[in-house]
Every structure is written in structure tokens, then in C-alpha cells.
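Student: Got a structure for you, questions after.
The values are calculated or read from the model by the stated rules, or taken from the named source; none is laboratory data. All values reported here derive from a predicted model rather than from experimental measurement. Cβ atoms come from the backbone with ideal geometry, glycine included; neighbour counts cover every protein chain shown.
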Amino acid sequence: MAEEESDCRGGARVSAVHLKLGALAGVVKEALLSSWELASEGTALQGSRLRIEEIPVVVFCPKCQASGALESVQWFACPRCKGPVSEVIQGRELQVTALEILEREMQNEPATAPA
Amino acid sequence: MNPQPRLLEVRQNVLRQNDVVARELRQRFREAGVYVVSLVSSPGSGKTAFLEKTLSLLRQSYRVAALVGDLATDNDAVRLARAQVPVKQITTGTLCHLEAAMVRTGLEGWELEQLDFLFIENVGNLVCPASYDVGENLRVVLLSVTEGEDKPLKYPTIFNTADAAVLTKMDLAEAVEFDSVAAEVNIQRVRPGLPLLKVSSKRGEGMGEWLQFLAVSRSLESREPQTVGA
């Protein structure tokens with residue numbers, strides 16, 4: 001994905017990848033971060049950073065007619081009434097949301113962008 | 001010169017490619033009228049024994065077949081062939097889960113229209129298979145009584161993405177002092193309302209309920225209006 005973008009932008013460099021990671025995505029943040037450097041070696045993403053935004057599990061309670069964040073993924077209970085909830089409306093994300101691009105001529109100073 | 005990098009919004013699912021293939025598969029399955037059941041569990045929970053029993057019982061009334069994922073051997077496929085139904089092995093090598101594209105390849109040469117049920121046995125693993133849709137209608141997570149009652153709490157994601165749970169090796173429950181109530185409570189905690197069945201593949205207990213559950217699930221699916229996605 002990043003390589004495609006880089007290619008069609010005349011070799012612009014991707015300096016960071018923004019990723020939304022849901023608590024129910026089945027992927028561990030630490031594992032992603034530690035494998036990032038290795039996996040990106042020799043690709044358009046070499047030297048880039050991975051910025052992970054962790055997404056909590058948000059459920060909808062039919063009884064309260066309201067949504068709320070789970071206190072624990074080990075207990076699918078409504079944060080208000082504590083009743084069982086099964087409708088997950090957020091928390092399965094494993095999604096690249098944005099790429100930080102350095103155009104060719106500004107590659108020298110990889111600045112820190114707001115997270 | 002502006003050193004600030006430009007932010008380019010993309011919004012793309014990392015597993016998009018898999019999701020696209022899984023959607024294609026689901027469409028194909030629907031058009032062929034085959035009901036697809038995937039089995040996920042940890043290694044050694046009795047998936048193959050359970051599947052062998054299921055296939056040999058189900059073939060008396062339905063046209064059934066199975067795809068079996070395994071890291072290295074074809075032992076499972078050999079065992080399942082004893083049920084006298086078409087079985088194909090997908091060897092994943094070092095990959096710890098099945099992906100939709102592997103299922104698609106595994107299905108090459110099969111006429112899906114000739115089937116009522118297709119079973120997909122995933123690689124024994126309670127982590128990664130949770131993230132990969134393989135186009136199934138029903139995802140069944142197995143938990144054997146020898147694994148302990150707290151497995152659902154340790155692997156909430158796979159239980160949460162499942163459509164049914166099966167407690168296997170019930171014939172050993174007493175010997176290992178399995179607390180069936182605690183297991184049920186834990187399953188309901190991570191996935192409220194999940195249908196739960198208890199079986200002994202060895203002795204056949206609970207298999208009748210399981211077959212009935214499959215038949216009902218299949219008939220509900222075929223009556224449902226055409227929906228997109230899962």
C-alpha cells in the first residue's frame with residue numbers, strides 16, 4: 001500500500017504509518033512495533049515509524065439503548081447496567097488510516113508530526 | 001523548505017485482501033447452496049476426531065466434504081478420509097492460520113454445487129485464525145475439557161468472533177474435574193448468547209444435538225435474504 005503511494009508520487013518517502021488497532025483485532029501492539037523495523041527493511045517503509053492508535057471495544061447495550069466502552073475484553077457487559085452485550089460497534093479495527101509523506105526534496109529532516 | 005511531512009489519509013484495512021477474497025468465497029458458497037462451517041481451536045482439542053465423527057454421521061443424509069489446514073503433515077486428512085467423504089489437505093507450512101486465498105486454492109477442482117456442507121478445519125491456534133475470515137457461514141470454536149475452564153478468558157477474541165462453541169471430550173470431564181458451569185459462565189462473559197454444545201466424539205454423546213444444530217443453522221441461512229458481508 002505504502003509502496004504504491006510512494007511509486008505514484010515519484011519516490012516520495014513514507015516517514016510514518018498511522019494504524020488503528022482495536023482491542024479485538026487479534027494483534028498485539030508490542031509485537032507489531034517490534035517487528036516493524038524488520039518487516040519494513042528493504043521496502044518503501046524502511047526507516048519509517050509505526051504510530052498505533054489503540055481502539056477500545058465499544059459495545060451497544062439494547063437495554064440502555066446506549067453505547068459504551070468495555071471495561072475488560074474478558075467481560076462483555078454493559079458499562080452502565082452490567083447486563084450482557086454482544087453488539088460490538090468498535091474494537092475490531094486493524095486499519096491503516098494515514099501515511100506521513102516526505103516529498104523528495106524535503107527528505108533531510110524527518111520532523112515529528114503531531115500524533 | 002517545509003520539513004513537515006504531509007499527512008495522506010488512506011483508511012484501508014490491513015487484511016483487506018483477505019476480506020475481499022472471503023467475500024468472493026461467501027458469494028460462491030451462497031450461489032452453490034453449500035453451507036460452510038469452520039472449526040477453530042487450540043492444538044489437541046479434538047477437532048479432527050470431532051470432524052471425523054461429524055462427517056461420518058452427516059454423510060448419511062447430506063453431501064459433505066472437508067478442507068483441512070495443517071502446518072506440515074497430512075495425518076488429519078488421512079484420518080478424515082476414513083469418513084469416506086471428499087477431504088483435501090491444505091498444508092500451510094509455517095503459517096499458523098488459514099487465509100481465504102488458501103481456501104480458494106484448496107477448492108480448485110471441486111464442484112461446490114454437489115455439496116450441502118463444507119467443513120474447514122483451521123490450523124490449531126486460538127489467536128490468528130480469529131482475524132482471518134475464510135468465507136464461512138458458521139465459525140465454531142472448540143474447547144476440550146482437558147484445557148481448563150478459563151480458556152475463553154485467555155482468548156476472548158476467538159470466542160467473541162465465533163458463532164457457536166463446542167465443549168469436546170466430555171467423556172473425560174469427570175476424570176479431569178472439569179467445571180462445566182464455570183466454562184459456560186466464562187464463554188458467556190466473552191460472548192453473551194453464544195450457542196454451546198457438549199459432545200464426546202469418542203462415545204457419540206451430544207452428536208445428535210450437534211447435527212440438529214447444523215441442520216437448523218443451514219436451513220435458517222438458506223431462508224435468509226441475500227445480505228452482503230458476514
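Student: Can you tell me how many residues within region B:164-186 are in a helix (DSSP H, G or I), buried (at least 18 other Cβ atoms within 10 Å of the Cβ) and free of Cβ contacts under 8 Å to residues at least 40 places away in the same chain?
Tutor: 2
Student: Would you point out which residue out of B:R191, B:R218 is surrounded by 19 or more Cβ atoms within 10 Å (Cβ to Cβ) and over 24 Å from B:P43 (Cβ atoms)?
Tutor: B:R218
Student: Among the numbered conditions (1) in contact (Cβ under 8 Å) with a residue 60 or more places away in the chain; (2) among the aliphatic types (A, V, I, L, M); (3) farther than 25 Å from B:A162 by Cβ, tell me where A:L94 comes up short.
Tutor: Answer for A:L94: the failing condition is (3).
Student: OK, next. Does region B:171-182 contain any residue that is more than 13 Å from every other protein chain (Cβ to nearest Cβ) and within 20 Å of the chain's Cα centre (by Cα)?
Tutor: no
Student: Considering region B:183-208 alone, what residues qualify as being acidic (D, E) and under 18 Å from the mean Cα position of the chain (by Cα)?
Tutor: Across region B:183-208, there are no qualifying residues.
Student: Kindly evaluate B:G193 against the criterion of being away from every other protein chain (no Cβ under 14 Å), farther than 27 Å from B:C96 by Cβ and small (G, A, S).
Tutor: No; evaluated as a whole, the condition is false for this residue.
Student: Which of the residues spanning region B:151-174 are within 23 Å of A:Q90 (Cα to Cα) and among the polar types (S, T, N, Q)?
Tutor: If the condition is that a residue be within 23 Å of A:Q90 (Cα to Cα) and among the polar types (S, T, N, Q), then B:T157, B:N160, B:T161 are the ones that fit.
Student: Another question, then. Scan region A:64-78 for residues that are in a loop (DSSP other than H, G, I, E, B) and either without any contact (Cβ under 8 Å) to a residue 12 or more places away in the chain or within 12 Å of chain B (Cβ to nearest Cβ) (or both) and report the count.
Tutor: Of the residues in region A:64-78, 7 are in a loop (DSSP other than H, G, I, E, B) and either without any contact (Cβ under 8 Å) to a residue 12 or more places away in the chain or within 12 Å of chain B (Cβ to nearest Cβ) (or both).
Student: Please work out which residue is nearest to A:Q74 (Cα to Cα), limiting yourself to region A:18-31 and to residues that are touching a helix residue (DSSP H, G or I) at 6+ places or on another chain (Cβ under 9 Å) and not in a loop (DSSP other than H, G, I, E, B).
Tutor: Of everything passing the filter in region A:18-31, A:L21 is nearest to A:Q74 (Cα to Cα).
Student: Which residue pairs have Cβ atoms under 6 Å apart, sit 6 or more places apart or on different chains, and have a first residue in region B:127-140 that is more than 14 Å from chain A (Cβ to nearest Cβ) and a second that is aromatic (F, W, Y) and crowded, with 23+ Cβ neighbours inside 10 Å?
Tutor: B:N137/B:Y35
Student: Further, regarding this structure: Scan region B:1-43 for residues that are farther than 29 Å from B:R63 by Cβ, more than 14 Å from chain A (Cβ to nearest Cβ) and of a type in the set (S, T, N, Q) and jot them down.
Tutor: Passing the criteria: only B:S42.
Student: Is it true that some residue in region B:34-47 is modelled with pLDDT under 95, assigned to a helix (DSSP H, G or I) and in contact with a Lys or Arg (Cβ under 9 Å, 6 or more places away or on another chain)?
Tutor: No, region B:34-47 contains no residue that is modelled with pLDDT under 95, assigned to a helix (DSSP H, G or I) and in contact with a Lys or Arg (Cβ under 9 Å, 6 or more places away or on another chain).
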